[in-house]
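See below for the structure under consideration.
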Amino acid sequence: MKIMLLKTIIISTFLLVCTYYIDRVLDFSLYQVDSSSLGSFVTAFGTIYGVIVGFIVIEVWNQKNTIQKLIEKEAKDIEGLFNLVCDFRDEDLKEKLKKEILEYIDLVLKNHRMSLEQKRIKMEPIINNISGIIDTTEFDDDHDPIIFDHVINQFKEMRDTRTERIRESLARLPRPLQTFITLASVIMVVTTVIMPFDNIWYHLFSTFTITFFISLIHQIINDLNNPFIGYWSVGLSPFEELQKKITEI
């Protein structure tokens with residue numbers, strides 16, 4: 001957050017200096033007759049800009065919260081799968097599944113910032129290993145088959161949650177919409193810089209304030225648009241706690 005604020009202050013200060021020198025070089029009194037028209041444009045455009053940006057901020061924030069909930073759900077699904085595995089009497093089967101589950105959790109914690117293809121290459125074999133162990137399991141008593149049915153259902157639920165988490169994690173704002181936000185932000189700031197003011201101090205205050213908030217909002221949107229990096233990145237603490245819990249058993 002400190003870096004984000006520092007960038008915002010630097011950008012705002014730079015535009016403040018630019019506004020000061022532009023105000024000194026240009027005779028804004030010649031353009032006072034157009035100030036009302038320019039003010040109407042800023043009001044209309046600013047309203048449209050505010051509505052769209054507000055909607056985008058809510059959307060990316062909700063997406064971040066959705067991914068966080070899916071991470072928590074996936075961790076619970078894995079924990080449920082592990083608890084069912086622990087009920088098996090077959091110690092060899094239990095150890096095999098425990099090993100694969102721990103390896104899966106470890107890869108989630110280490111590789112959540114990798115590309116989709118890298119994740120697929122590393123994690124699909126583990127999912128396939130768990131699936132293979134479940135599919136090829138044979139039982140010699142009446143106890144384990146009862147648990148086995150629940151294991152299959154829990155494993156399917158875990159895979160469904162994982163698929164949904166990956167899909168949500170890959171969702172990004174469309175490129176045209178990102179371009180619009182950037183262009184609209186530039187138009188708002190430039191319009192404020194060139195707008196005629198009778199008093200230079202009002203001009204400087206308006207430029208700094210508008211630039212500060214637009215720059216901050218723009219950075220917040222970019223930060224939330226990728227849920228795994230930045231100040232508001234999603235947490236993987238559910239997986240960390242689960243890994244510790246399983247390791248200690």
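The values are calculated or read from the model by the stated rules, or taken from the named source; none is laboratory data. Computed from a predicted model, the values in this text were never measured in an experiment. Every residue, glycine among them, receives a Cβ derived from its backbone with ideal geometry; neighbour counts consider all protein chains shown.
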When you scan the range 182-205, do you find a residue that is closer than 26 Å to residue 67 by Cα and touching a Pro at 6+ places or on another chain (Cβ under 8 Å), even just one?
no
Which pairs do you get when a residue that is touching a residue at least 24 places away in the same chain (Cβ under 8 Å) and under 12 Å from residue 242 (Cβ atoms), found in the range 94-105, comes within reach of a residue that is hydroxyl-bearing (Ser, Thr, Tyr) and part of a helix (DSSP H, G or I), reach meaning Cβ atoms under 9 angstrom, with the pair 6+ apart or on two chains?
102/247
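Any chance you could count how many residues in the range 57-69 are among the β-branched types (Val, Ile, Thr) and either in contact with a Ser or Thr (Cβ under 9 Å, 6 or more places away or on another chain) or buried (at least 20 other Cβ atoms within 10 Å of the Cβ) (or both)?
2
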Of (1) in contact with a Lys or Arg (Cβ under 7 Å, 6 or more places away or on another chain); (2) in a helix (DSSP H, G or I); (3) over 23 Å from residue 10 (Cβ atoms), residue 227 fails just (2)
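Yes/no per residue for (1) more than 23 Å from the chain's Cα centre (by Cα); (2) buried (at least 16 other Cβ atoms within 10 Å of the Cβ); (3) at pLDDT 85 or above:
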{"position": "71", "(1), (2), (3)": "no, yes, yes"}
{"position": "76", "(1), (2), (3)": "no, no, yes"}
{"position": "81", "(1), (2), (3)": "yes, yes, yes"}
{"position": "101", "(1), (2), (3)": "yes, yes, yes"}
{"position": "114", "(1), (2), (3)": "no, no, no"}
{"position": "135", "(1), (2), (3)": "yes, no, no"}
{"position": "141", "(1), (2), (3)": "yes, no, no"}
{"position": "155", "(1), (2), (3)": "yes, yes, yes"}
{"position": "175", "(1), (2), (3)": "no, no, yes"}
Those residues that are in contact with a Ser or Thr (Cβ under 7 Å, 6 or more places away or on another chain) and either without any contact (Cβ under 8 Å) to a residue 12 or more places away in the chain or farther than 23 Å from residue 2 by Cβ (or both), I need them from the range 196-222; list them, please.
196, 203, 204, 206, 207
Quick one: what pairs do we get from the range 61-84, first residue more than 12 Å from residue 159 (Cα to Cα), second among the hydrophobic types (A, V, I, L, M, F, W, C) and part of a helix (DSSP H, G or I), C-beta under 7 Å, 6+ apart or different chains?
61/224; 64/224; 79/242; 82/101; 82/246; 84/147; 84/151
In the range 203-221, how many residues are over 19 Å from the mean Cα position of the chain (by Cα), within 18 Å of residue 57 (Cβ to Cβ) and aliphatic (A, V, I, L, M)?
2
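Residue-by-condition table, conditions (1) outside any helix (DSSP H, G or I); (2) hydrophobic (A, V, I, L, M, F, W, C); (3) at pLDDT 85 or above; (4) buried (at least 16 other Cβ atoms within 10 Å of the Cβ):
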residue	(1), (2), (3), (4)
132	no, no, no, no
146	no, yes, no, no
162	no, no, yes, yes
198	yes, no, no, no
Filtering the range 223-240 down to residues that are touching a residue at least 40 places away in the same chain (Cβ under 8 Å) and under 15 Å from the mean Cα position of the chain (by Cα) yields 223, 224, 225, 226, 227, 228, 229, 231, 232, 234, 235, 236
